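Novice: The following block contains the structure, expressed as structure tokens.
The values are calculated or read from the model by the stated rules, or taken from the named source; none is laboratory data. Note that the coordinates shown come from a computational prediction; the quantities given were computed from them, not determined experimentally. Using ideal geometry, Cβ is built from the backbone for each residue, glycine included, and neighbour counts are taken over all protein chains shown. Areas reflect the complete protein model, heavy atoms only, side chains present, ligands, DNA and RNA absent. Shrake-Rupley method; radii C 1.70, N 1.55, O 1.52, S 1.80 Å.
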Amino acid sequence: MPLVTITLLIILKYIPATEHLPLARTAGVVAFGYAAFLALRLVQPEEGIMVEGGWAELRPSLVEYFACYGSAALAAILLFAVIFMGSVADPTQLIATYIAVVLLGAGAVGIGMAGLFTQTRWDNRQVRHRSAMGRETVLDWSDVRHVRPNWRGITISAGNGRITFSQFHAGAAQLAKHAATRAKRNAETATRAFAA
């Protein structure tokens, strides 16, 4: 995605209608942000955090904090530029900057709602997920059927619902592996029961 974005910005730089926009600087910001993302992924823990009662829990990683608060800060800086420099700037630049503010702000809210303000924990019997709005979903490991990656993260599906969590959470690899093992074991048990 970052490479597509950078390529698109470079192409737009050579189109007469957008050639006066600071697209080269924007491409640099995107490249820097992606480099920071990769660096932060290196320090992401693979294991969940152990909490009281034998539960393991996912925690937001530095990648998610950087993406959420970085996007919000950049949106605030750009909004400041739109408000206080609007009278001297080119209208096309103002519109492009305002669109960037809206997209960055929406991205920060989306990352916060999907990653920072959720809680996912599991033990040997079940996995629980509480959304940012307070909705709780509980799945028993014995009911888990599928574990699949998607654009929002990793989804654990069972007969009574599904839980999606971010692959960038600290401990996401451990939970995904545990869920895949349980789904495989449940499928083997169901196959044996059907054969009998």
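Novice: Being in contact (Cβ under 8 Å) with a residue 60 or more places away in the chain and not small (G, A, S) is the filter here; which residues of the range 75-117 pass it?
Specialist: D90, T92, Q93
Novice: Shifting gears a bit: Could you grab me the full set of residues in the range 33-73 that are crowded, with 17+ Cβ neighbours inside 10 Å and more than 19 Å from A114 (Cβ to Cβ)?
Specialist: Scanning the range 33-73 gives a single hit, A56.
Novice: Next question, about the same structure. Name the pairs: first residue in the range 46-74 and under 20 Å from H129 (Cα atoms), second residue open to solvent by less than 50 Å² (accessible area, probe 1.4 Å) and of a type in the set (K, R), Cβ to Cβ under 6 Å, at least 6 apart or on different chains?
Specialist: Correct list of pairs: W55/R121; E57/R121.
Novice: Let me ask something else about it. Note down all Cβ pairs under 7 Å where the first residue falls in the range 163-186 and is among the polar types (S, T, N, Q), the second is in a loop (DSSP other than H, G, I, E, B), and they're at least six residues apart or on different chains.
Specialist: Filtered contacts from the range 163-186: T164/R152; Q174/E46; Q174/E47; Q174/G48.
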